[in-house]
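The values are calculated or read from the model by the stated rules, or taken from the named source; none is laboratory data. Owing to the predicted nature of the structure, the values given are computational and were not obtained by experimental measurement. Note that each Cβ is placed from the backbone with ideal geometry, even for glycine, and that neighbours are counted across all protein chains shown. Heads up: the accessible areas ignore ligands, DNA and RNA and are worked out on the full protein's heavy atoms, side chains in. Shrake-Rupley method; radii C 1.70, N 1.55, O 1.52, S 1.80 Å.
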Amino acid sequence: MSFFQRLKESISAKTESVTSKFKEGLAKTRDVFIERVDDLFSRRKKIDEEFYEELEEILIGADVGVNTVLKLIEELRAEVRKRKIESPSELQPIMSEKMIALLKGDEQTALRMADSGLTVILFVGVNGVGKTTTIGKLAHLLKSQGKKVMMAAGDTFRAGAIEQLEEWGRRVGVDVIKQQAGSDPAAVMFDALQAARSRGADVLLCDTAGRLQNKVNLMEELNKIFRVIRREVPEAPHEVLLVLDATTGQNALMQAKLFDEKSGLTGLVLTKLDGTAKGGIVVAIRQELQLPVKFVGLGEKMDDLQQFDSDQFVHALFNKWIADEEKRGQA
Ligand SMILES: Nc1nc2c(ncn2[C@@H]2O[C@H](COP(=O)(O)OP(=O)(O)OP(=O)(O)O)[C@@H](O)[C@H]2O)c(=O)[nH]1
Ligand SMILES: [Mg+2]
């Protein structure tokens, strides 16, 4: 079975509704990035230096990441030499196969849950990346799976942060544990853990204040939160998820590298993929970071959070190339 047939089989085993969510959320990336690549491969008749330069520029422009792009182009050059390829159209399926291979992976994207009792998930990240929104959406998702969910208003720092989480609580029908603005977030977590246990919650989602990774006191605050959680529930937090805003491109990669050393991250959430044409950042993240992408944010609404699935993602992004390949196979 060919690479593309295998891919298609693995997709068709999954639900169509999930695929269409990914497709909608990735529309901008598809329209700009895929269109430009297609245009390049059909417009140019020769594989020369200018062709490679333009391809490089498109890929870097889509935030695929310089290292990954250079490696990919090297591999394409090698294929061209080996197979004596002359026209870009012959190179196109090789290119799409390589792009897809870069994205595919089989790491664990499901949340790590406690064997029994309470699962605690801590969300961290810089200002405005979408932590609170992701918590609201995840509360909705877990609740729809029959879990009893609670949320902890650990951002006592930014004005309006507690109310924002409470609003999500009302919207999805989940209790929020809070204290006054300005109080110690570690104390909020302590309260929330007690409340979650006494009310028999399955999952506690913990919000934190947005922080710049170079603000030492905020990083220390995060450590304190972490220690309080661990003292109360020894295996917790079961996940520490770094939330990254896809529209910030390479900056998101930098944030991940800086946070990782200090906060024992277990996974990533990539938000606002719907708002960018630079979905190539997912490729860079998968190539350059050891952390799994667990969820992607594809909009601002309650059900706009999807568990990351590399097959679905690839299919949503490259469906045109996959269809082209099928046609070629049938011809
Ligand atoms: N389009 C889109 N917007 C999103 C997504 N996730 C979050 N947002 C928006 O991003 C903005 C910031 O989201 P928040 O959840 O408040 O971000 P935060 O990380 O909690 O911010 P701070 O609390 O200030 O650190 C809001 O307007 C959200 O609606 C997404 O996946 N897609
Ligand atoms: Mg917030």
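Counting only residues that are more than 20 Å from K28 (Cβ to Cβ), over 11 Å from the mean Cα position of the chain (by Cα) and either of a type outside the set (A, V, I, L, M) or open to solvent by 50 Å² or more (accessible area, probe 1.4 Å) (or both), how many does the stretch 251-272 have?
The qualifying residues number 11.
Being open to solvent by less than 10 Å² (accessible area, probe 1.4 Å) and touching a residue at least 40 places away in the same chain (Cβ under 8 Å) is the filter; apply it to the stretch 156-171 and report the residue that is farthest from ligand 2 (Cβ to nearest atom).
My answer is L165.
Tell me, which residue of the stretch 107-142 that is near ligand 1 (Cβ under 8 Å from one of its atoms) and hydroxyl-bearing (S, T, Y) is nearest to F157 (Cα to Cα)?
Here the residue is T132.
Is there a residue in the stretch 210-226 that is within 30 Å of D106 (Cβ to Cβ), open to solvent by less than 60 Å² (accessible area, probe 1.4 Å), within 12 Å of ligand 1 (Cβ to nearest atom) and touching a Leu at 6+ places or on another chain (Cβ under 8 Å)?
no
Here are P88, P93: which of them is more than 16 Å from ligand 2 (Cβ to nearest atom) and open to solvent by less than 20 Å² (accessible area, probe 1.4 Å)?
Answer to the selection: P88.
Just to check your reading of the model, which residue among L138, L142, L122, L111 is in a loop (DSSP other than H, G, I, E, B) and touching a strand residue (DSSP E or B) at 6+ places or on another chain (Cβ under 9 Å)?
Step by step, each of L138, L142, L122, L111 is checked, and only L111 is in a loop (DSSP other than H, G, I, E, B) and touching a strand residue (DSSP E or B) at 6+ places or on another chain (Cβ under 9 Å).
To keep it simple, each residue is scored yes or no on (1) open to solvent by less than 50 Å² (accessible area, probe 1.4 Å); (2) in a loop (DSSP other than H, G, I, E, B); (3) more than 16 Å from K104 (Cβ to Cβ).
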{"position": "E235", "(1), (2), (3)": "no, yes, yes"}
{"position": "D274", "(1), (2), (3)": "no, no, yes"}
{"position": "V283", "(1), (2), (3)": "yes, no, no"}
{"position": "G299", "(1), (2), (3)": "yes, yes, yes"}
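Quick one: count up the residues across the stretch 155-179 that are part of a loop (DSSP other than H, G, I, E, B), over 14 Å from K137 (Cβ atoms) and either touching a His at 6+ places or on another chain (Cβ under 7 Å) or among the β-branched types (V, I, T) (or both).
1
Identify all residues within the stretch 104-136 that are away from ligand 2 (no atom under 16 Å from the Cβ), among the β-branched types (V, I, T) and modelled with pLDDT of 95 or more; write none if there are none.
T119, V120
Restricting to the stretch 61-72, name every residue that is crowded, with 17+ Cβ neighbours inside 10 Å and in a helix (DSSP H, G or I).
Matches in the stretch 61-72: T68, V69, L72.
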